[in-house]
Amino acid sequence: MPKIAFIIPFFNEERNLKYLIEEWENFFLKNKLEIKNFKFFFVDNGSKDQSKKVIKSTAKKIRFKILNFKENSHGLSCKFGYLRIIKLKKNFNYILQIDSDNQCDPKYFTKFIREIKKTRNVFVYGKRASRKDGIIRSFFSSILRILVFFKTSINIEDINTPYRLMKINELDKVFKNIKKKYGNKKIGLFNSLLTYETMKKSKITWINITFRDRKFGKTKHGSLRMLMLLFNLILNLK
């Protein structure tokens, strides 16, 4: 079993985080997976609720660390987390990024692991073939895919999917290329940029997943903000 660092950004998700930790711990035990091979890195985007306390009180079996990120940005907090783990690449082989709202079902985790063992592919992403998170978010994903294609002539199946397993050594190479091309530009849809730059240099294996609805609460991203993030990405793609 490879050593995997989980990156989980969160902002005011105290109810979801409790459910997420319990679900993943139970999943590991049920499937007899060695929990010692995994460590969860929770990236706090400035939460005002009890999210941190919930993590500390709920996590009984998993190893974890809470990272603090000052900006309330999902994509940039993922970037922050990735860079932290890349510096620790001697301790881990892969990064798995999932969201904190329980839309990423643990049952696909074993499929991802089988895929990297069978094919030795270094990037395995979940394609949201079925989505339960609403028409609006699915619509924005479709628009994003179309705009990226018109801008770059590259057709990417699910450019902003949050369920992605990436080999750290190869991810480091992609990051160095992004740094060279984009410098310190803040691109909120960083996971989309990462997918785009990864596809240009490597192969992504896609696994169909069902993307669940949020377990508790509502998304923090309104339509206007999503549009702004979308056009910021498109204008900056090279």
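Of all residues in segment 44-75, those satisfying the criterion of being among the aliphatic types (A, V, I, L, M) and either in contact with a Lys or Arg (Cβ under 8 Å, 6 or more places away or on another chain) or part of a strand (DSSP E or B) (or both) are Val54, Ile62, Ile66, Leu67.
Of all the residues in segment 205-226, those that are within 19 Å of Val148 (Cβ to Cβ) and at pLDDT 95 or above number 1. Here is the figure for segment 186-203: residues that are in a loop (DSSP other than H, G, I, E, B) and surrounded by fewer than 19 Cβ atoms within 10 Å (Cβ to Cβ) total 3. Would you please name the residue that is surrounded by the fewest Cβ atoms within 10 Å (Cβ to Cβ), looking only at residues in segment 166-185 that are touching a helix residue (DSSP H, G or I) at 6+ places or on another chain (Cβ under 9 Å) and under 16 Å from Leu237 (Cβ atoms)? Going through the qualifying residues, I end up with Lys185. Determine the pairs where a residue that is in contact (Cβ under 8 Å) with a residue 24 or more places away in the chain and over 17 Å from Thr152 (Cα atoms), located within segment 195-207, has a partner that is buried (at least 16 other Cβ atoms within 10 Å of the Cβ) and of a type in the set (Asp, Glu) with Cβ atoms under 6 Å apart, the partner being 6 or more residues away or on another chain. If the second residue must be buried (at least 16 other Cβ atoms within 10 Å of the Cβ) and of a type in the set (Asp, Glu), the pairs left are Thr205/Glu115.
Here's the yes/no breakdown for (1) closer than 24 Å to Cys104 by Cβ; (2) in contact (Cβ under 8 Å) with a residue 24 or more places away in the chain; (3) part of a strand (DSSP E or B):
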site: Val174; (1), (2), (3): yes, yes, no
site: Lys180; (1), (2), (3): no, no, no
site: Ile209; (1), (2), (3): yes, yes, yes
site: Lys215; (1), (2), (3): yes, yes, no
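Is it true that some residue in segment 65-86 is surrounded by fewer than 18 Cβ atoms within 10 Å (Cβ to Cβ) and among the hydroxyl-bearing types (Ser, Thr, Tyr)? Let's see the steps before the verdict.
First, the residues of segment 65-86 that are surrounded by fewer than 18 Cβ atoms within 10 Å (Cβ to Cβ): 65-68, 70-72, 83-84, 86.
Then drop every residue that is not among the hydroxyl-bearing types (Ser, Thr, Tyr), which leaves none.
Checked segment 65-86: no residue is surrounded by fewer than 18 Cβ atoms within 10 Å (Cβ to Cβ) and among the hydroxyl-bearing types (Ser, Thr, Tyr).
Identify all residues within segment 1-43 that are under 23 Å from Asn93 (Cα atoms), outside any helix (DSSP H, G or I) and in contact with a Ser or Thr (Cβ under 9 Å, 6 or more places away or on another chain); write none if there are none. Once the filter is applied, which keeps residues that are under 23 Å from Asn93 (Cα atoms), outside any helix (DSSP H, G or I) and in contact with a Ser or Thr (Cβ under 9 Å, 6 or more places away or on another chain), segment 1-43 yields Ile7, Ile8, Pro9, Asn31, Leu33, Phe42, Val43. When segment 1-39 is filtered for residues that are within 19 Å of Lys70 (Cα to Cα) and of a type outside the set (A, V, I, L, M), the ones remaining, listed by number, are Pro9, Phe10, Phe11, Asn12, Glu13, Glu14. For segment 92-104, indicate whether the set of residues that are hydrophobic (A, V, I, L, M, F, W, C) and in a helix (DSSP H, G or I) is non-empty. Within segment 92-104 (the criterion being hydrophobic (A, V, I, L, M, F, W, C) and in a helix (DSSP H, G or I)), the answer is no, since none of the residues qualifies.
Which of the residues belonging to segment 106-123 are aromatic (Phe, Trp, Tyr) and part of a helix (DSSP H, G or I)? Lay out the reasoning, then the answer.
Residues of segment 106-123 that are aromatic (Phe, Trp, Tyr), as a first pass: 108-109, 112, 123.
Passing the criteria: Tyr108, Phe109, Phe112.
Among the conditions (1) under 15 Å from the mean Cα position of the chain (by Cα); (2) more than 22 Å from Asn232 (Cβ to Cβ), Ala129 misses just one, which is (1). The residues listed here are Ile159, Ile136, Ile143; of these, the one that is in a loop (DSSP other than H, G, I, E, B), of a type in the set (A, V, I, L, M, F, W, C) and farther than 21 Å from Leu67 by Cβ is Ile159. Only a single item in (1) outside any helix (DSSP H, G or I); (2) of a type outside the set (Val, Ile, Thr); (3) within 22 Å of Arg214 (Cβ to Cβ) is not met by Cys78, and it is number (1).
The values are calculated or read from the model by the stated rules, or taken from the named source; none is laboratory data. This one's a predicted model, so the numbers in the text were calculated from it and none came from an experiment. Methodologically, a virtual Cβ is constructed for each residue, glycine included, from the backbone with ideal geometry; neighbour enumeration extends over all protein chains shown.
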